[in-house]
Amino acid sequence: MADLKKSHHFSDFLKPSQVIYELKSREKVLAIEELLDVLAKEKLIKNKKLILTRLIDREQLESTAIGESVALPHARVNTGGEIAIAVGRSEKGIDFDSIDKKKVHLIILVVWNPTLPGLFNHLFAGLARFLRKPEYRKRLFGAPNKTELFKILSEIELTMPHEDRIISRASLLAKLQEIELRKKKASKEQLKELRKHAELIREELDEALLTRFDKLMERYGFAVAEVRDGACQGCNMRIATQMSSAIEDSNDIYICENCGKYLVAARKKKK
Ligand SMILES: [Zn+2]
């Protein structure tokens with residue numbers, strides 16, 4: 001299993017056995033299932049049926065075809081491990097209800113553990129950076145065999161968080177708040193980017209957390225408050241020392257007992 005803190009290459013998450021050079025399936029759901037079979041065979045997932053349901057639910061919400069013949073079906077499900085990825089290529093292409101109507105020639109399927117929020121976000125950003133390059137896509141789609149395809153995929157570099165841990169849910173909420181606030185003064189073009197970013201973050205967070213977040217944003221204009229010198233910056237009330245130190249490095253969600261905002265540790269000054 002890859003060490004997430006030190007993973008900087010896509011190949012840290014991918015073995016050649018997780019790559020299908022030519023998908024047999026010509027249809028979306030069947031192709032997704034074909035990739036899940038690979039993960040099951042590699043013992044990277046146990047609950048194939050559940051994962052398939054989640055992936056299809058997600059596709060029905062909105063196609064994960066990101067344009068330019070690439071699709072990134074994904075689900076946040078506990079697989080027992082941290083992350084499971086399978087890649088499939090299709091010469092003839094698969095109809096994926098893509099926004100640009102193009103058929104999909106490359107599917108990167110990602111299943112990741114809900115206990116690792118932020119992970120998909122970073123992975124997605126890294127993948128998108130490479131897949132956006134026309135030159136890179138051309139080489140990927142044109143790979144003459146599986147070995148070459150794997151080699152080209154291995155070139156993808158990821159920028160995983162440098163902190164000691166994967167970003168916490170509270171900091172994701174804080175980031176989401178920053179984006180929601182920026183949306184208010186954004187130009188049309190910026191708005192599109194911000195929406196996309198917000199969507200990625202939302203995918204990492206639970207429905208209940210987000211519902212409450214949206215309500216707070218609507219009512220107060222902000223939903224997340226930093227804890228600075230032991231006090232909630234949303235209402236200036238002191239927070240129990242124990243709770244304050246727990247917030248420091250925890251993935252748990254804490255709520256200010258006084259003002260109800262989500263609490264996040266104050267950002268550490270860069271050394
Ligand atoms: Zn407060």
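The values are calculated or read from the model by the stated rules, or taken from the named source; none is laboratory data. The shown structure was predicted, so the numbers you read here are calculated from the model rather than taken from an experiment. Reconstructed Cβ throughout: ideal geometry from the backbone, glycine too, with neighbour counts over all protein chains shown.
Considering each of 66, 99, 94 in turn, give the residue that is touching a strand residue (DSSP E or B) at 6+ places or on another chain (Cβ under 8 Å) and crowded, with 19+ Cβ neighbours inside 10 Å.
The match here is 94.
Do the conditions hold for residue 15, that is, is it closer than 23 Å to residue 143 by Cα and touching a residue at least 12 places away in the same chain (Cβ under 8 Å)?
Taking the combined requirement at face value, the residue satisfies it.
Filter region 23-57 down to residues that are β-branched (Val, Ile, Thr) and buried (at least 17 other Cβ atoms within 10 Å of the Cβ) and give me whichever is farthest from residue 95 (Cα to Cα).
In this case the residue turns out to be 45.
Can you tell me which residue in region 253-269 is modelled with the highest pLDDT, limited to those that are under 24 Å from residue 211 (Cα atoms) and more than 11 Å from the ligand (Cβ to nearest atom)?
Of everything passing the filter in region 253-269, 264 is modelled with the highest pLDDT.
In region 212-226, which residues are within 11 Å of the ligand (Cβ to nearest atom) and of a type in the set (Asp, Glu)?
226
Out of curiosity, is residue 192 over 28 Å from residue 82 (Cα atoms), among the basic types (Lys, Arg) and away from the ligand (no atom under 16 Å from the Cβ)?
Yes; evaluated as a whole, the condition is true for this residue.
In region 227-252, how many are within 14 Å of the ligand (Cβ to nearest atom) and under 22 Å from residue 211 (Cβ atoms)?
Of the residues in region 227-252, 4 are within 14 Å of the ligand (Cβ to nearest atom) and under 22 Å from residue 211 (Cβ atoms).
Can you name every one of the strands (runs of 3 or more DSSP E) wholly within region 1-117 that holds 2 or more residues which are of a type in the set (A, V, I, L, M, F, W, C)?
Those strands (runs of 3 or more DSSP E) span 65-67, 83-94, 104-112.
Can you tell me which residue among 107, 20 is buried (at least 21 other Cβ atoms within 10 Å of the Cβ), in contact with a Phe, Trp or Tyr (Cβ under 9 Å, 6 or more places away or on another chain) and within 21 Å of residue 139 (Cβ to Cβ)?
Answer to the check: 107.
Being in contact (Cβ under 8 Å) with a residue 60 or more places away in the chain and not β-branched (Val, Ile, Thr) is the filter here; which residues of region 94-113 pass it?
95, 96, 97, 109
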